[in-house]
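The values are calculated or read from the model by the stated rules, or taken from the named source; none is laboratory data. Computed from a predicted model, the values in this text were never measured in an experiment. Here the Cβ is made from the backbone with ideal geometry for all residues, glycine too, and neighbour counts use every protein chain on show. Quick note on the areas: whole protein, heavy atoms, side chains included, nothing else; ligands and nucleic acids left out. Shrake-Rupley method; radii C 1.70, N 1.55, O 1.52, S 1.80 Å.
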Amino acid sequence: MLTKPAHKPKRGFTPDIIVVCLICLLPLLWLVWRFLQNDLGVNPVETLVRQLGVWGLRLLVVGLLITPVARIFKQPRLIRWRRPVGLFAFAYVALHLTSYIAVDQFFDWGRIWADIVKRPYITFGMIAFVLLIPLALTSFNAAIKRLGGVAWRNLHKLVYVIVPLGVLHYFLLVKADKTMPLVYGGIVLVLLGWRLWRWIRRKV
Ligand code: HEM
């Protein structure tokens with residue numbers, strides 16, 4: 001159990017939240033910088049799509065990591081970092097999808113639809129993205145108030161499906177060396193296993 005804070009927790013853009021936002025923004029700034037410098041390699045479009053996807057996945061995993069770290073190290077204030085990290089993860093994945101639609105497929109909706117139904121890795125990526133939308137839309141205080149704590153927490157458990165789908169998307173699209181998707185898969189398994197273990201312990 002997290003210890004109850006002795007005083008009311010701070011809200012809004014406290015310095016730690018601003019630092020978290022700036023850190024989450026760095027990969028995007030780095031990508032924009034490389035793009036402007038013409039430094040995205042021989043296939044800049046592929047690099048752009050892939051880098052945005054991989055940062056989306058990394059931030060989703062970091063989002064899953066925050067609760068165990070906060071509980072194990074008894075640092076409840078870290079829980080507040082989940083919201084900016086989750087919103088940045090959504091932003092990276094949305095940019096990943098946008099860059100795929102705009103600069104990879106040139107808004108060819110027929111081809112995009114064919115990709116979604118015929119290529120399993122795109123199907124799973126798309127399902128993960130669609131499931132992320134309600135989470136992003138309800139990541140604001142007004143939505144949390146409106147839904148109520150229990151419904152909000154239940155809705156946000158969707159992340160336990162979204163992140164494995166993101167990893168599956170990655171695993172299926174990589175042709176030769178599957179090491180990295182397997183590493184992400186292992187980390188996600190441990191993070192979800194930790195939650196399952198706590199849930200079982202509460203029940204028995
Ligand atoms: C939560 C959702 C998603 C996550 C976490 C995610 C993550 C990733 C990752 C990690 C990669 C591989 C990067 C690398 O090789 O270094 C990738 C590649 C890719 N993703 Fe996603 N993705 C998501 C959704 C989508 C969606 C919705 C689409 C399109 C409909 C999409 C299309 C692609 C494409 C086309 C590639 C590159 C494939 C290639 O170059 O061969 N992704 N994504």
**Asked** Do the conditions hold for Arg202, that is, is it more than 11 Å from the ligand (Cβ to nearest atom), of a type in the set (D, E, K, R), within 23 Å of Phe88 (Cβ to Cβ) and part of a helix (DSSP H, G or I)?
**Response** no
**Residue check for Leu60: within 9 Å of the ligand (Cβ to nearest atom) and touching a residue at least 24 places away in the same chain (Cβ under 8 Å)** = yes
**the range 110-125, residues that are near the ligand (Cβ under 9 Å from one of its atoms), open to solvent by 50 Å² or more (accessible area, probe 1.4 Å) and either in contact with a helix residue (DSSP H, G or I) (Cβ under 6 Å, 6 or more places away or on another chain) or at positive phi (or both)** = Tyr121, Phe124
**Request:** Name every residue in the range 68-102 that is under 21 Å from Leu132 (Cβ atoms) and over 20 Å from the mean Cα position of the chain (by Cα), in order of residue number.
**Result:** Ala102
**Asked** Hey, among Leu155, Leu165, Leu182, which residue is aliphatic (A, V, I, L, M), touching a Gly at 6+ places or on another chain (Cβ under 8 Å) and under 28 Å from Val117 (Cβ atoms)?
**Response** Leu165
**Fill in**
If we keep only residues of the range 77-109 that are within 13 Å of Val49 (Cα to Cα), in contact (Cβ under 8 Å) with a residue 12 or more places away in the chain and of a type in the set (Val, Ile, Thr), then the residue nearest to the ligand (Cβ to nearest atom) is Val93
**Asked** Got a number for residues in the range 85-109 being small (Gly, Ala, Ser) and buried (at least 17 other Cβ atoms within 10 Å of the Cβ)?
**Response** 4
**Fill in**
How many residues of the range 132-186 are in a helix (DSSP H, G or I), within 8 Å of the ligand (Cβ to nearest atom) and surrounded by fewer than 15 Cβ atoms within 10 Å (Cβ to Cβ)? The answer is 1
**Prompt:** Among the residues of the range 47-68, is any surrounded by fewer than 14 Cβ atoms within 10 Å (Cβ to Cβ), at pLDDT 95 or above and assigned to a helix (DSSP H, G or I)?
**Reply:** no
